[in-house]
Amino acid sequence: MSKCRFKTRRRIPAFHPVPVTPRRDGWTPERQAMFIGYLAQTRCVTMAAAMVGKDKTSAYRLRKRAGAEGFAAAWDVAPGKAKQSVTLASAKSTGLSAGYRFRAGLAQVVMYRGKYRATNWKTDDNALVQLVAQLS
């Protein structure tokens, strides 16, 4: 009788994409979310970066940019590392403005049976509340 090994389920936190200058071949928000999904699938930065048409050096540079705290938290969870995640509800923890967080939304990576399937984009209600409060 063979032993079955079950993979532990990881819930990748929703994150705000890192603000970057728009470029067709750059780290678009969609490409960032796909990278996190493929990182969870392969558990290898080099392979995940290659699957989205980038290299691991640019992925590490993106992770170090200002405003990348949410992306870094999702990166840490994706391969199964045990780290304390960042509280994404707080603008202070991400360093991103409420306007950017509202426009960009939150990327939620969808995994099914250990494979990256899709990215769902959610509105950031906390950012909307902050914007309304700023207008009052």
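At-a-glance table
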{"quantity": "Number of positions in the range 27-52 that are over 14 Å from the mean Cα position of the chain (by Cα) and within 28 Å of Asn126 (Cα to Cα)", "calculated": "0"}
{"quantity": "Near pairs, Cβ below 6 angstrom, 6+ apart or cross-chain, from the range 36-59 (in contact (Cβ under 8 Å) with a residue 60 or more places away in the chain) to any residue that is among the small types (Gly, Ala, Ser) and buried (at least 19 other Cβ atoms within 10 Å of the Cβ)", "calculated": "Ile36/Ala74; Ile36/Ala78; Tyr38/Ala48; Ala40/Ala78"}
{"quantity": "Where a residue in the range 1-24 is polar (S, T, N, Q) and its partner, wherever it lies, is surrounded by 10 or more Cβ atoms within 10 Å (Cβ to Cβ) and modelled with pLDDT of 65 or more, with Cβ under 7 Å and at least six apart", "calculated": "Thr8/Gly80"}
{"quantity": "All positions within the range 43-70 that are in contact with a helix residue (DSSP H, G or I) (Cβ under 6 Å, 6 or more places away or on another chain) and surrounded by 19 or more Cβ atoms within 10 Å (Cβ to Cβ)", "calculated": "Val45, Ala48, Ala49, Val52, Ala59, Glu69, Gly70"}
{"quantity": "Selected residue (only one of Gly105, Gly114 is touching a helix residue (DSSP H, G or I) at 6+ places or on another chain (Cβ under 9 Å), crowded, with 16+ Cβ neighbours inside 10 Å and on the phi > 0 side of the Ramachandran plot)", "calculated": "Gly105"}
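The values are calculated or read from the model by the stated rules, or taken from the named source; none is laboratory data. Being a predicted model, the structure only gives us computed values, none of them experimental. Cβ: placed from backbone, ideal geometry, glycine included. Neighbour counts: every protein chain shown.
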